[in-house]
Amino acid sequence: MKNTFLATADIHLKRKLYNIPALEEDIKDEFARICDIAIAKKVDYLVITGDLYDHNHPPPDTVKFVADQVNRLQDKKVC
């Protein structure tokens, strides 16, 4: 049986884009959609290369958001 992968890179959660908060939320929404695609396609692995966070010390709400997405993936057996 072959493993299937979905790969993405350089998400940069909490990146300030032109100081427009809506654009920052768009990045979060896109990451959630990537997780949705991994679940819908029933891939074995979601691979994220590059920077997931834009800063070395992301705020707790962003860390929780990522943890929630990872839990969703794990519930559907995506590693």
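The values are calculated or read from the model by the stated rules, or taken from the named source; none is laboratory data. Computed from a predicted structure; not experimentally measured. Note that each Cβ is placed from the backbone with ideal geometry, even for glycine, and that neighbours are counted across all protein chains shown. To get the accessible areas, we keep the full protein, side chains included, count just its heavy atoms, and leave off ligands, DNA and RNA. Shrake-Rupley method; radii C 1.70, N 1.55, O 1.52, S 1.80 Å.
Between V43, V63, V70, the distinction of being surrounded by 15 or more Cβ atoms within 10 Å (Cβ to Cβ) and among the β-branched types (V, I, T) belongs to V43 only. Among the residues of segment 15-40, those that are under 16 Å from Q69 (Cα atoms), open to solvent by 50 Å² or more (accessible area, probe 1.4 Å) and touching a residue at least 12 places away in the same chain (Cβ under 8 Å) comprise E30, I37. Of the numbered criteria (1) of a type in the set (A, V, I, L, M, F, W, C); (2) in contact with a strand residue (DSSP E or B) (Cβ under 6 Å, 6 or more places away or on another chain); (3) open to solvent by less than 100 Å² (accessible area, probe 1.4 Å), the one F5 fails is (3).
Filter segment 47-60 down to residues that are surrounded by 14 or more Cβ atoms within 10 Å (Cβ to Cβ) and under 11 Å from the mean Cα position of the chain (by Cα), then give me how many there are. Looking only at that region, the number is 4.
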